[in-house]
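Read the structure below first, then the notes.
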Amino acid sequence: MLNKIIKYDFKSMSKKISSFYIIAFSFAIATALSRLLPESTFSIILSSVLSGTTISFAVASLLINTAIRIWFNFRSSVFGDEAYLTHTLPVTKTEIFFGKVISSTLIMLVGIAVGILALFITYVGSDVLTKVFETLDIFANLFGVSGWLLVLIFSVLILLETFCVMFVGFLGIIIGHSYETNKPLKSFVVGLTIYVGTQITAVLFMLFAGIFNHDVFKIFSSTEFYPNVIILLAVFGIFGYVVNIIILLFCGNKALNAGVNVE
Amino acid sequence: MAELLCLKNVTKKYKSKTVLDNVSCTVKAGRIVGLLGRNGAGKTTIMKLVNDLLTPTSGEIKFKGKNISPKSKLAISYLPERTYLDRQMTPNDAVKLFTDFYPNFDADKALRLFNDLDLDPNQKLAKMSKGMQEKVQLVLVVSRKADLYVLDEPLGGVDPATRDYVLKTILKNFHDEASVLISTHIISDIEKILDDVIFIDQGKIILEDSADKLRKKNKKSIDEIFRNTFKVER
């Protein structure tokens with residue numbers, strides 16, 4: 001049944017978000033095409049406006065729009081009108097929770113992929129991409145690791161932070177809806193409090209790295225650059241977020257299994 | 001007759017307000033039970049508790065002797081008083097969803113009923129009126145071969161001309177061993193199909209009996225008994 005929940009949830013959410021993807025791609029293609037125009041003041045202004053719009057749409061669909069829609073969808077299908085269907089399906093609360101978690105994760109990954117692809121289309125053939133790769137090489141040399149490993153480490157860190165924020169929202173909504181009044185406000189306050197907690201946990205994990213490398217504490221008192229410490233902190237940060245996510249999912253599932261009160 | 005659904009000392013409180021107060025009642029197999037009461041009496045709360053949409057403050061709810069679980073949800077077909085399907089869906093999409101989740105759902109019957117009720121299976125629910133959306137939900141509910149049908153105000157949004165068809169549809173589409181728990185304000189319309197009645201007021205069961213016994217005892221129709229019981233004194 002879990003795969004069916006994921007299928008229908010993913011389908012329902014992608015229907016609502018796909019129009020933003022189309023707009024992001026349309027502006028990206030238009031930007032790429034505008035670069036083919038003969039160079040003039042008009043073409044430069046047009047290209048700047050289009051690329052600016054693509055960036056804002058890519059970022060909007062990438063994080064903000066997708067995250068907000070995921071939270072709205074979760075609220076609506078677990079505590080809103082659609083909950084009348086969700087909770088009467090012959091599935092367990094655990095299947096409902098993890099179905100939502102997996103479909104939301106997939107939607108977020110698609111949103112990120114769309115954003116990155118839109119940005120790539122926007123700047124394909126321009127010197128921006130070359131400059132990005134040159135900068136990456138500079139940083140890779142500075143950190144003493146390969147450029148791809150650097151991208152991988154920080155991408156994983158950012159992805160985990162994104163998922164952490166998403167699941168914080170889920171737990172905030174579940175706990176917020178256990179109250180009888182001001183549910184949206186309480187969901188927000190609870191979510192924000194949990195988010196601060198997860199950030200403290202992530203920082204504590206990073207400080208834990210100091211046991212293995214004493215240079216970690218030097219970055220707080222010295223102006224010197226410690227590339228190996230930054231990498232170590234990122235790796236421990238990843239562990240911190242993994243632990244945060246496991247705790248958030250465990251608590252979210254437990255809270256939902258304690259029962260719901262759908263209005 | 002075997003007990004299908006049993007509520008035992010069920011209380012539901014919101015902060016200081018008690019919506020259901022120590023409610024105990026049963027629905028036996030093969031019976032059509034009318035859950036009758038004024039607005040805010042607790043009818044919808046009972047139905048939502050049975051369908052796991054609310055968590056009781058205390059007491060227990062058993063279906064076939066067991067707690068509400070995915071297995072019991074398979075055997076209970078619930079029609080809530082509000083529209084719950086994603087408005088971007090068409091009736092056809094809803095049929096696919098129900099076919100996927102409920103092995104006891106009869107897709108052919110649903111499509112036949114859509115046709116009888118002049119519902120376009122390819123029209124988006126967002127483009128349908130509230131009454132049409134309610135008919136779509138009713139069709140989906142009665143097209144399941146369930147043991148218990150829980151119908152919350154099934155006639156509320158339906159025009160009088162269609163009410164008879166809806167009632168016939170409800171009666172025609174469930175098997176002998178199945179039961180129906182139905183709540184409505186329009187008692188005169190369902191009076192003739194009721195086997196048992198439960199009167200509820202201010203979160204308490206005030207009467208639970210067979211409809212025939214009540215009629216004989218009071219020499220009145222259920223509708224008249226209801227009006228007398230819940231008469232507003234000025």
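Each reported figure results from applying straightforward, stated rules to the coordinates on display, with no laboratory input. Bear in mind that the values here come from a model prediction, so they are computed numbers and not experimental data. A quick note on method: Cβ atoms are made from the backbone with ideal geometry, for glycine too, and the neighbour counts reach across all protein chains shown.
Compactness ratio of chain B: Cα Rg over 2.2 N^0.38 Å, N = residue count? Kindly include the intermediate steps, with their values, before the conclusion.
On the way: Rg = 17.6 Å, N = 234, 2.2 N^0.38 = 17.5 Å.
Working it through for chain B, the quotient is 1.01.
Based on DSSP H runs of at least 4 residues, each adding -39500 (n - 2.57), what is the mean residue ellipticity at 222 nm of chain B after dividing by all its residues, to the nearest 500 deg cm²/dmol? Can you show the working numbers first?
Details: 9 runs with 81 residues, N = 234.
Result for chain B: -10000 deg cm²/dmol, rounded to the nearest 500.
Could you order peptides B:70-76, B:29-35 by the average number of other Cβ atoms within 10 Å of their residues, highest first?
On the way: B:70-76: 18.3, B:29-35: 21.0.
Ranked by mean Cβ neighbours within 10 Å, highest first: B:29-35, B:70-76.
Take peptide B:50-56, look around each residue's Cβ out to 10 angstrom, count Cβ atoms belonging to other protein chains, and average those counts. Let's see the in-between values first.
Working: counts 1, 4, 6, 11, 6, 6, 1.
Mean partner shielding for this stretch: 5.
Cβ neighbours within 10 Å, averaged per peptide: list A:246-254, A:39-47 in order, most packed at the top.
Numbers: A:246-254: 16.9, A:39-47: 12.2.
Top of the packing list down: A:246-254, A:39-47.
At A:PHE133 and B:LYS64, where each label point lies 7 Å from the Cα along Cα→Cβ, what is the point-to-point distance in nanometres?
In this crude spin-label approximation the distance works out to 6.4 nm.
Read phi for every residue in the stretch A:12-22 and hand back ³J(HN,Hα) as whole Hz from Karplus 6.51 cos²θ - 1.76 cosθ + 1.60, θ = phi - 60°, with x for Gly and Pro.
After applying 6.51 cos²θ - 1.76 cosθ + 1.60, I find 4, 6, 5, 4, 6, 9, 4, 4, 5, 5, 4 Hz.
If you rank A:PHE239, B:PHE226, A:PHE98 by fewest surrounding Cβ atoms within 10 Å, what's the result?
Values: A:PHE239 15, B:PHE226 22, A:PHE98 18.
Result, fewest neighbours first: A:PHE239, A:PHE98, B:PHE226.
Would you mind ranking A:TRP148, A:TRP71 by Cβ crowding within 10 Å, fewest neighbours first?
In order of increasing Cβ crowding within 10 Å: A:TRP148, A:TRP71.
Using just the alpha carbons, could you tell me how many Å³ per residue the convex hull of chain A encloses? List each step's numbers first, then the result.
Numbers: hull volume 43.3 nm³, N = 263.
In chain A, the Cα convex hull volume per residue is 165 Å³.
Give me Rg/Rg_expected for the protein assembly as shown, where Rg uses Cα atoms only and Rg_expected = 2.2 N^0.38 Å with N residues. Don't skip to the answer; put the middle values down first.
On the way: Rg = 28.9 Å, N = 497, 2.2 N^0.38 = 23.3 Å.
Against the empirical 2.2 N^0.38 Å value, I get 1.24 for the protein assembly as shown.
With N set to the number of residues, divide the alpha-carbon radius of gyration of the stretch A:144-263 by 2.2 N^0.38 Å and report two decimals.
On the way: Rg = 17.8 Å, N = 120, 2.2 N^0.38 = 13.6 Å.
For the stretch A:144-263, the normalised Cα radius of gyration comes out at 1.31.
Can you put B:LYS213, A:LYS100, B:LYS135, B:LYS62 in order of Cβ neighbours within 10 angstrom, beginning with the fewest?
Working: B:LYS213 11, A:LYS100 23, B:LYS135 27, B:LYS62 16.
Fewest-to-most ranking of B:LYS213, A:LYS100, B:LYS135, B:LYS62: B:LYS213, B:LYS62, A:LYS100, B:LYS135.
Two-decimal Rg/Rh of the stretch A:1-125 from alpha-carbon positions, Kirkwood Rh? All intermediate terms of the calculation are to be shown ahead of the outcome.
Numbers: Rg = 18.5 Å, Rh = 15.9 Å.
Value, to two decimals: 1.16.
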